[in-house]
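So the structure is just underneath, and the comments pick up after that.
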Amino acid sequence: MADPSSYRPKPGQIPDSPGVYKFRDEHRRVIYVGKAKNLRQRVANYFQDLAHLHPRTRTMVTTAASVEWTVVSTEVEALQLEYSWIKEFDPRFNVKYRDDKSYPYLAVTLNEEFPRVQVMRGAKKKGVRYFGPYGHAWAIRETVDLMLRVFPVRTCSAGVFKNAARTGRPCLLGYIGKCSAPCVGRVTPEEHRELAEDFCDFMAGRTGTYIRRLEKDMTQAAEEMEYERAARLRDDAGALKRAMEKSAVVLADATDADLIAVAEDELEAALQIFHVRGGRVRGQRGWVTDKVEAVDTSGLVEHALQQLYGEERGDAVPKEVLVPALPEDTEAVSQWLAERRGSQVSLRIPQRGDKKDLMATVQRNAQQALGLHKTKRASDLTTRSRALEEIAEALGLDTAPLRIECYDISHLQGDDVVASMVVFEDGLARKSEYRRFQIKGFEGQDDVRSMHEVIGRRFKRYLQEKERTGEWEEQPTGTPADGPAPIGPVPGPAPAADPAVGDAEPTAVAEDTEPREDDGRPKRFAYPPQLVVVDGGQPQVAAAKRALDELGIDDIAVCGLAKRLEEVWLPDDDDPVVLPRSSEGLYLLQRIRDEAHRFAITYQRAKRAKRIRTSPLDDVSGLGETRKQALIKHFGSVKKLRQATIDEICEVPGIGRRTAESVAAALASTTPAAPAVNTATGEIIEEDDGGSS
């Protein structure tokens, strides 16, 4: 590991001009490329105290052995040179997007004498016009089949074309009118190229002209009583309309725009791009990348723009690019895009209307793409095994932790404090053994104390189960133990919850009773994990370890995952364990922690919603939901019901005198909420609190 001070440039050596810089390692390989408005300020930031650098930046500067730079005239030149160098050197510490699949394009080979329409994948070729990308190749073929009625462009391969020219007989498409048959001279090269260019214009969104022309010709043919020709033109117009319907209108103003959305976590980011032409979605693609450098959303967007448009010219760069966050140097990026297009390009964040709604759709696609990528990665057995081995090695465990439990605390400003426990076995979630807790030992916000309580309760139940099943080394009754506690999944009843713990998802569970199996036996916290993970840093880890020590448990490992820098904390260690960015072990720990957070916050929100919906009538014994609704409907609100006499309450159908007395007593024992006040006028706002039942 190199010391950055060993290659730090001398003071005043770095110019204060715009430019691009490269970090090289000891083998002279370029490992990072960056650009700056002011090279002196930007490069100097890399040589500050290592403790103040982002972990990824710290890894890069300690891997590097030298830094060099190139001065340019403008920030736009710096942007272009940065893209060129990233493409040339492929630096390991730069964000590089990779397609999450190989997307097919509809391509028109305008670089040939007789242009051909075909499906193409892979790198783009010079002189070929591309449309898409599409999700499936069959979608391209369906569109082309409809359009060949109107634009009979060649679709055959070079071999088929040459063979037809040699024999003087066209292929089947030539006979049925879906190819103009340039191979046998039915049209001249110029006429065929005009057909291909019209095809491209239609695909680019200029659709109205052709449909209006066909409808005009159809009307004229009908007036001249050329009914067969009119019918053919009618069918041609219908085919073009069906081709257009395959991509619904999403922007009513016929906008040409690309919409870019980003979904990210600490380690990875997924990008989704919708290509809208003429107000219709003409293509969609997605990228996934590892966040190998310290980069925020605006940085991810800038890298995406470089990769999207670095090789494009003209109409391939749309008039409008909509993004979730603007690049740091928006003006320079906009100017760079305008130079590539040849006219002004609007780079902005959509704020309202159809474009904002469509951006939300693109964002959902990005979230789903990231989730799918993680699911695919997690489902691989070899990857899971490697992840567990890496965790064991990093934490100094004797064996891979086949059962991992993770705990998280959730609350809203100290109210409705709850905790979650999620279980992963062999690297996969075991949702049937998820548990949830209410914090009962105290009130208020104290995550450390809450963690201590939850860990203590969970493992106290585990010890009780060991004692109940006779798994102690020394039995109070003198009977021999059955053997050591089971490690990992074994046949038998599922582990169970604390009295305040529910099922795997927040369904209705009585909080003062214990869930039971079908045969009446209580569920059990019977299986111990090899590793306990807590969401948090040193304080939470220390609290969990203290809870285990108090119970005399010393054979379960504990660690914490701090979300800010994804550091792994161990008990009694002053410094965290920093797993490599590409570590499958870190990825698994992060996924477990995120699942615990999701489960905790879901339960916390459910409890809060239930508390908000409570009513004084809930405490009336024997009063069901139907009769509560009848009371509210009769009186209009709980407030008016509170003012009613017992005789008036008895007038409600289904309410007897004893129930009416219980209702009146329950309402009399509760204090009505303070009246709301209009702060502008000072007037008391009359509330009908009818929704509180």
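The values are calculated or read from the model by the stated rules, or taken from the named source; none is laboratory data. As the structure is a computational prediction, the values presented were derived from the model and not from experiment. For neighbour counting, all protein chains shown are included, and Cβ atoms are generated from backbone atoms with ideal geometry for every residue, glycine included. SASA here: full protein model, heavy atoms, side chains in, ligands and nucleic acids out. Shrake-Rupley method; radii C 1.70, N 1.55, O 1.52, S 1.80 Å.
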Could you derive backbone 3J(HN,Hα) for the range 81-86 from the dihedral phi with the Karplus parameters 6.51, -1.76 and 1.60 (θ = phi - 60°), listing whole Hz in sequence and x where the residue is Gly or Pro?
5, 4, 4, 4, 6, 4
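Rounded to two decimals, what ratio of Rg to Rh does the range 253-297 give with C-alpha atoms and a Kirkwood Rh? Please report the intermediate quantities before stating the final value.
Details: Rg = 13.2 Å, Rh = 11.7 Å.
When Rh is taken as the Kirkwood radius, the ratio is 1.13.
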Which residues qualify? For LEU110, with a placed amide H closer than 5 Å and at least 5 residues away or on another chain, they are ARG129
Two decimals, Cα atoms only, Kirkwood Rh: what is Rg/Rh over the range 245-361?
0.95
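If you place +1 on the Cβ of every Lys and Arg, -1 on the Cβ of every Asp and Glu, and leave all else neutral, what size is the dipole of the range 539-580 about its Cα centre, to the nearest 20 Debye?
Values: 4 positive and 10 negative charges, 56 e Å.
The dipole magnitude comes to about 260 debye.
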Determine the alpha carbon to alpha carbon distance for each of LYS35/LYS87; LYS96/LYS319; LYS125/LYS178; LYS319/LYS356 and list only those over 20 Å.
LYS96/LYS319; LYS125/LYS178
With a 31 Å threshold on alpha-carbon distance, the violating pairs from LYS563/LYS607; LYS10/LYS563; LYS607/LYS633; LYS126/LYS162 are LYS10/LYS563
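Within the accessible area of the range 141-182, what % is carbon and sulfur when the probe is 1.4 Å and the other protein chains stay in place?
Numbers: 1210 of 2180 Å².
Ligands and nucleic acids excluded, carbon and sulfur give 56 percent.
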Sorted by chain and then number, the residues having a modelled amide H within less than 5 Å of the amide H of VAL558, at least 5 places away or on another chain, are VAL532
What's the carbon and sulfur percent of the range 277-382's accessible surface, probe 1.4 angstrom, rounded to a whole number?
46 percent
accessible surface per residue for the range 146-212, probe 1.4 Å, DNA/RNA/ligands not counted, whole Å² -> 50 Å²
Each residue of the range 143-160 in order: what ³J(HN,Hα) in whole Hz does its phi give by Karplus 6.51 cos²θ - 1.76 cosθ + 1.60, θ = phi - 60°, with x for Gly and Pro?
5, 4, 4, 5, 7, 5, 4, 9, 10, x, 8, 4, 10, 7, 6, 4, x, 5
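Report the equivalent ellipsoid semi-axes for the range 320-368 in whole Å, largest first, defined as the square roots of five times the eigenvalues of the gyration tensor built from alpha carbon atoms.
Working: eigenvalues 106, 27, 19 Å².
Calculated on Cα positions only, the semi-axes equal 23, 12, 10 Å.
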For the range 1-88, list log₁₀ I(q)/I(0) at each q in 0.21 Å⁻¹, using the Debye formula over Cα point scatterers of equal strength and ignoring solvent, two decimals each.
-1.03
In Å², and per residue, what accessible area does the range 276-428 have when probed at 1.4 Å with the other protein chains present?
42 Å²
Interchain or sequence-distant (5+) residues whose placed amide H lies within less than 5 Å of the amide H of ARG282 are HIS275, VAL276, ARG277
